[in-house]
Structure formats: C-alpha cells, structure tokens
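S.K.: Here it is, the structure, as structure tokens.
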Amino acid sequence: WLTIKGINLSLSEWADLATILASTAIIGVAAQFFHSRKELEADHERSRREKTVDILLEWDQRLKKEGALARKIVETFSAEQCREIHAQLPITVNAKLEPLLVQLFDTTFSPTNNQITLNEAYSSELRWHVITYLNALESVLVAWQYSVVDRGIIEHQFSYLFKPSDGHEGLKHFRVAAGGGDSYPAIEIFASHIKEERRKKLIQKANVA
C-alpha cells in the first residue's frame, strides 16, 4: 500500500489511476487535434468557395462578346476547317453563320452558293478570339483540376460547354488543331471527367431499370 496526501491505495490501484489519467490526457489531446482539424477543413472549404466566386467573376470579366460568338461559330466547323483557321488561311463557311459573322466582324457578307468566304484577315481575327476564349477557360479549369476551387460548382457551371447532344464539345476540333492536351491539358482533363460522369449516370440508370 502507498499513501500520498492522505490517499491510501495499493500499488496496483495507483497504477490503474495513472493509466486512467494518462488515457484522459491522450483523449484530451486527440479531441483538441480533431477539433483543430475540423476548423482547418472548414477554413479550407470557405477559402475554396471564396476562390470559386473570384474565379467566376474573373471569367465573366474576361469573357467578351467576341469570344462567345467565336465559340459558337467555330464549334460548327469540321476538323479540316479548324486546321485552316488555326493556320490563319482563307476559309469557306456555311452561309447560315452569316448572322454570327456580322455580329463578330461588324460588317456585311455576300454569300455565294450558300457559302461565305473569310479572307486571311478574318480568319486570323477569328483564330485570335477563339484562342483568347480557350486561354480564359483553361485558367478556370486549372483551378478546378488542382482543387483550388469548389469542383462541384465549376462542373455545374461549365459542363454545358461539353455536351455533344447540344453541339458543344469545348471546341474539340480547334483544340486538336492547336495541339490538344499539350496546349490545353486542363480542358482535356475536364472534358474527359464530364464524359465519364455522364457515363456513370447512364450505368446507374441502367442498373436501376
């Protein structure tokens, strides 16, 4: 038996008490650790949401009318037409694009045989607008790729650009002409991710059926 400050306990009881006190201390440290971790995660999520808002505002500021028009025009082009535009060569396009071309270049065109020919100057300007658009999109999706922003929000906001059923493939043919994944790796990864997510949803629907 061992008596300390009037407490009379056996050695085994003192050992048990020491174990309990040590365990309590460990639990306290663990609780503090997990609390700090939750606070850190909450701060990180808040920071990501704030960064997402900043990125979206920046996108709105960088996205000009010309870029949106150029995207709509070039998304209708074949792979060959995109190679010609990227090489800044004269190109013949469908006359159905005339309303968009008039808005973009602020001039009139004279269709011949249901076609419009864009000279080198127009081809070069169209190329510049498309590249400017893709560079802005790449910067947004780089942030998505490295989880700097809320990935779910970005996917919700930008997935429509990669919806083949609506004629949107993220300027796929032009990106290929410009070097594909080497030039726009984040866009390529995002496009593949969105495609895979849609495939998973289809499989889930099939399994439910």
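S.K.: Answer yes if at least one residue in the stretch 89-104 is closer than 18 Å to Ala178 by Cβ, surrounded by fewer than 16 Cβ atoms within 10 Å (Cβ to Cβ), of a type in the set (Ser, Thr, Tyr) and touching a Leu at 6+ places or on another chain (Cβ under 8 Å), and no otherwise.
M.R.: Restricting attention to the stretch 89-104, the residues satisfying the condition of being closer than 18 Å to Ala178 by Cβ are 89, 91.
Add one more test, that the residue is surrounded by fewer than 16 Cβ atoms within 10 Å (Cβ to Cβ), and what stays is 89.
Imposing the further condition that a residue be of a type in the set (Ser, Thr, Tyr) reduces the set to none.
For the stretch 89-104, residues closer than 18 Å to Ala178 by Cβ, surrounded by fewer than 16 Cβ atoms within 10 Å (Cβ to Cβ), of a type in the set (Ser, Thr, Tyr) and touching a Leu at 6+ places or on another chain (Cβ under 8 Å): absent.
S.K.: List every residue pair whose Cβ atoms sit under 9 Å apart, with the two residues 6 or more apart in sequence or on different chains, where the first one lies in the stretch 106-129 and is within 20 Å of Ala68 (Cβ to Cβ) and the second, anywhere, is part of a loop (DSSP other than H, G, I, E, B) and of a type in the set (A, V, I, L, M, F, W, C).
M.R.: Listed by first residue and then by second, the contacts come to Ile116/Phe109; Leu118/Phe109; Ser123/Ala87; Ser123/Leu89; Arg127/Ala87.
S.K.: Among residues belonging to the stretch 122-142 that are more than 17 Å from Gln81 (Cβ to Cβ) and open to solvent by less than 10 Å² (accessible area, probe 1.4 Å), point out the one that is farthest from the chain's Cα centre (by Cα).
M.R.: Ala136
S.K.: Could you please let me know if His168 is of a type outside the set (Phe, Trp, Tyr) and under 14 Å from the mean Cα position of the chain (by Cα)? Reasoning before the result, please.
M.R.: Details: of a type outside the set (Phe, Trp, Tyr): yes; under 14 Å from the mean Cα position of the chain (by Cα): no.
The answer is no for His168.
S.K.: Moving to a separate point now. Name the residues in the stretch 179-209 that are farther than 21 Å from Gly167 by Cα and open to solvent by 100 Å² or more (accessible area, probe 1.4 Å), would you?
M.R.: Answer for the stretch 179-209, where residues must be farther than 21 Å from Gly167 by Cα and open to solvent by 100 Å² or more (accessible area, probe 1.4 Å): Asp182, Gln204, Lys205, Asn207, Val208, Ala209.
The values are calculated or read from the model by the stated rules, or taken from the named source; none is laboratory data. What you are looking at is a predicted structure, and each value in this text was computed from that prediction instead of being measured. Glycine gets a Cβ as well: all are built from the backbone with ideal geometry, and neighbour counts include every protein chain shown. Just so you know, the surface numbers come from the protein's heavy atoms only, side chains and all, with ligands and any DNA or RNA stripped out. Shrake-Rupley method; radii C 1.70, N 1.55, O 1.52, S 1.80 Å.
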